[in-house]
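One structure is given below, encoded as structure tokens.
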Amino acid sequence: MPTYSIRKKILTGTPRSEGASSVCAFIFVAAIFVVSVAASAQIYLPQSPPQASQYGQVLLNNHAARGPGPVVFDHWLHRSKFTCRLCHVDIGFAMQANATGVSATTNAQGFHCGACHNGTTALDGKPTFPACSSQPEAKTCHRCHSVGKEEVRQYTYEAYTAKFPKAFYGVDWEAAEKFGMIQPVDFVEGLSVKRAPMKSREDFSVKPHYSWVRPIAFSHEKHTIWNGCELCHPEIFPAAERGTAHYSMFANIEGQYCGACHGKVAFPLNNCQKCHSGAPVWVP
Ligand code: HEC
Ligand code: HEC
Ligand code: HEC
Ligand code: HEC
Ligand code: HEC
Ligand code: HEC
């Protein structure tokens, strides 16, 4: 499949060289304390993420009172099978918990969860178990409406991710894809629109605003493969001209810019080193 090989080439290619920085690790970490304390007498540090099995878990409970109870949606399972783009662009899920307005009706009409969970669309070689319908509560209902119920789920984080490469925190998703352990699908017949293949463009990173900040590892090209364009532009990164905006660490920690994904679904912000090459591994 040609798209897959392009994808594979970009994701497995040798890392781009990242300019050396002489900034001492201590100053680097200390700076975020000092700057933030001076600015607002508040310490801005990324929160420690929850247990890896709960990272990226969304509890859907807008209608919990009217149905078989709240619904648990896990990114670890779904992102291993599909790209972010497929769900957040083609299917149209919001990038914010409980903002989409998923309901039994939308699911039964084939939108939202029901776009895949309809009992007929074959994904993974078998039809995907159906979402809400008017049939009386059955075992399949509890696979999603699982809060407070035991042994209703077939997948557990531990068993499912046991063989995946692990990193500083939880699964190293980039490595899992690079080694071919996961091959997230970007196109589902009937849900996605056929697009012209992506034009190859020169890859680029984000240049730090301050000269003392470690160079930032960010591949525009790799992010495009996972996220498409629409997930980032125009909402998360409106200023499209390179090098003009300052994506401050404070804003990131508050969930803007990089923090719209990192700290929620993509690797968490306290893994400083993964973005600031050469920074110390630091777990607050
Ligand atoms: C199978 C579909 C699916 C895939 C694949 C998927 N998401 Fe999501 N995502 C959702 C749903 C559903 C929600 C919750 C939306 C709601 O509650 O309205 C969500 C919510 C989010 C949120 C908000 C979480 C919060 O706690 O506020 C972020 C951030 C996010 N997704 C990022 C990603 C990223 C990054 C990827 C790819 C690595 C990804 N998603 C892949 C379906 C998906
Ligand atoms: C892009 C397709 C897609 C979308 C959209 C999607 N899912 Fe899934 N989901 C799957 C597939 C495929 C599986 C694996 C099914 C299997 O192996 O039986 C799955 C599995 C699950 C499981 C695991 C059940 C278990 O027994 O462990 C839950 C829970 C789940 N989905 C909830 C949801 C919810 C809630 C939504 C909507 C907010 C949703 N999914 C949207 C494709 C999707
Ligand atoms: C693939 C996941 C999934 C499955 C399976 C599923 N549901 Fe749902 N259901 C949802 C989601 C997501 C919501 C919205 C949850 C919220 O925000 O409170 C929901 C909401 C509901 C509601 C709340 C009322 C409303 O108007 O939205 C009812 C009732 C309901 N489901 C019934 C069922 C029944 C009955 C079954 C089994 C036949 C079932 N659901 C199976 C995902 C699922
Ligand atoms: C993960 C988020 C993300 C994704 C996905 C993404 N971009 Fe960007 N894009 C950025 C960031 C961040 C910048 C700004 C870099 C800066 O300010 O230095 C940028 C800058 C740009 C620029 C200005 C670059 C320049 O040369 O001045 C263009 C054009 C652009 N993006 C187009 C795209 C297109 C087209 C896609 C999809 C093929 C895409 N972007 C996908 C984050 C993203
Ligand atoms: C997801 C990537 C990412 C992670 C993880 C990350 N940073 Fe940053 N950091 C950035 C970006 C992007 C900038 C600002 C780039 C610019 O100047 O526009 C930045 C800037 C900074 C700055 C300079 C101040 C500023 O606001 O410009 C400091 C200090 C900093 N980071 C410290 C840290 C520390 C300490 C950690 C770990 C706790 C960390 N960063 C984790 C992406 C990240
Ligand atoms: C739309 C969601 C999204 C946004 C916004 C985003 N990322 Fe990512 N990023 C991802 C996903 C998904 C991965 C794959 C690895 C993972 O999920 O842990 C990733 C991987 C990375 C990687 C490792 C791969 C690479 O590019 O070399 C770095 C470094 C990174 N992000 C930095 C950043 C920085 C810096 C920003 C802000 C300028 C940013 N990201 C914004 C979703 C996002």
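Every number in this text was worked out from the coordinates using simple rules, so none of it is lab data. These figures come from a predicted structure and were not determined experimentally. Reconstructed Cβ throughout: ideal geometry from the backbone, glycine too, with neighbour counts over all protein chains shown.
Annotations
- In Hz, Karplus ³J(HN,Hα) per residue of the stretch 54-65 (6.51, -1.76, 1.60; θ = phi - 60°; x = Gly, Pro): 9, 5, x, 7, 10, 9, 9, 9, 5, 10, 3, 5
- Straightening the chain between Phe237 and Gln54 buys 63.1 nm, computed as 0.36 nm per residue apart minus the Cα-Cα spacing.
- Taken one residue at a time, the phi angles of the stretch 44-50 give Karplus couplings (6.51, -1.76, 1.60, θ = phi - 60°) of 9, 9, x, 5, 5, x, x Hz. Gly and Pro are set to x.
- Cα gyration tensor shape of the stretch 192-255, rounded if a/c is under 1.5, else prolate or oblate by comparing a/b with b/c: prolate
- Evaluated at q = 0.10 Å⁻¹, a Debye calculation over the C-alpha positions of the stretch 152-271 (equal weights, vacuum) places log10 I(q)/I(0) at -0.41.
- Listed by chain and number, the aspartates and glutamates whose alpha-carbon sits under 17 Å from that of Lys207, ignoring those within fewer than 8 places in the same chain, are Glu18, Glu221, Glu241.
- Under 5 Å, built H, 5+ apart or other chain: amide partners of Tyr55: none
- Using alpha carbons only, the radius of gyration of the stretch 52-160 set against its Kirkwood radius gives Rg/Rh = 0.92.
- Three-way shape label, the stretch 142-215, alpha-carbon gyration tensor, a/c 1.5: oblate
- Links that overshoot a 30 Å alpha carbon limit, given the list Lys178/Lys264; Lys166/Lys194; Lys81/Lys274: Lys166/Lys194
- Backbone phi angles across the stretch 157-173, fed through the Karplus curve with coefficients 6.51, -1.76 and 1.60 (θ = phi - 60°), yield HN-Hα couplings of 4, 4, 5, 5, 9, 3, 8, 6, x, 10, 10, 2, 8, x, 6, 8, 5 Hz in residue order; Gly and Pro are listed as x.
- Listed by chain and number, the aspartates and glutamates whose C-alpha is less than 15 Å from the C-alpha of Lys163, apart from same-chain residues fewer than 8 away, are Asp172, Glu174, Glu177.
- Taking amide H as placed 1.01 Å from N in the peptide plane, the amide H of Leu123 sits under 5 Å from that of Thr128, each at least 5 places away or on another chain.
- Dipole magnitude of the stretch 52-160 about its Cα centre (Cβ charges: Lys, Arg +1; Asp, Glu -1), debye to nearest 20: 120 debye
- For Val185, the amide hydrogen comes within under 5 Å of the amide hydrogens of Phe82, Thr83, counting only partners 5 or more places away or on other chains and with H modelled in the peptide plane.
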